[in-house]
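The values are calculated or read from the model by the stated rules, or taken from the named source; none is laboratory data. All of these numbers come straight from a predicted model, not from anything done at the bench. Note that each Cβ is placed from the backbone with ideal geometry, even for glycine, and that neighbours are counted across all protein chains shown. Side chains included, ligands, DNA and RNA excluded: accessible areas come from the protein's heavy atoms. Shrake-Rupley method; radii C 1.70, N 1.55, O 1.52, S 1.80 Å.
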Amino acid sequence: MRTTRALAASAVAVAALGLAAPAAVARDGMNLSPSNIVALPSVIARGGQLTLTVDNCNGPATATSDAFPATTLTGTSSLMRGTATVNRNVRTGSHSITVTCQNGSVVNPAAFTVIGGVRGGLGGSSTSGATPTDMAIGGGLVAAAAVGSALFWMRRRSEKRI
C-alpha cells in the first residue's frame, strides 16, 4: 500500500514538472514587449530620487518623463532598473514615465505624484520677520504675565515664624 502511494505521488510530481517545462521554454523563446513600469516611492517631493523598474525590457533602455531628465536603465532582460532625480522646479501632480527598450516601449500615464516641498530651516517663519500685529500680541502677553505675577506675589500672605 505504501509503494502505491509513493508511486502515485511521484507520478503527480513528474506530470506537474512535465507540464511546466514546455511553458518555461516557450516563454524564453518569445519576443515579449516591455511592461510594468514601477516608480518608488510613488509620492515624492521635488528634488527627490525615484527608483524605476520595468519588466521584459531588452537593453539598453531609457526612461523619460517631464519631471526628470532621461535616465538609463540597466540590468537583465527580465528586470531593468535605474535611479532618476526629480527636477526642483517641476509642477506638482501626477506624472507619466515612458521607457524605450530595444524590443519596444511602454508608458505608465500616472507612474508617480510630485508634492510641494516644505519650508525648512527657519522653523516655519517667514523671511520678512514679525509683523506689527505679531509684536503687539507678543507684548500684550508678556505684559499680562508680568501683571499676573506681581499680583500673585503681593496677595501672598506672609508666613508667621515661631
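Considering THR3, THR74, THR62, THR53, the condition of being at pLDDT 90 or above, over 19 Å from PRO109 (Cα atoms) and among the hydroxyl-bearing types (Ser, Thr, Tyr) is satisfied by THR74 alone. Right, ALA26: modelled with pLDDT of 90 or more, more than 18 Å from ALA110 (Cα to Cα) and open to solvent by less than 60 Å² (accessible area, probe 1.4 Å) or not? In short, no.
Residues of region 79-119 that are within 14 Å of the chain's Cα centre (by Cα), open to solvent by 70 Å² or more (accessible area, probe 1.4 Å) and among the polar types (S, T, N, Q): THR83 alone. One residue stands out in region 46-63 among those that are open to solvent by 40 Å² or more (accessible area, probe 1.4 Å) and in contact (Cβ under 8 Å) with a residue 40 or more places away in the chain: the one that is nearest to the chain's Cα centre (by Cα), namely ARG46.
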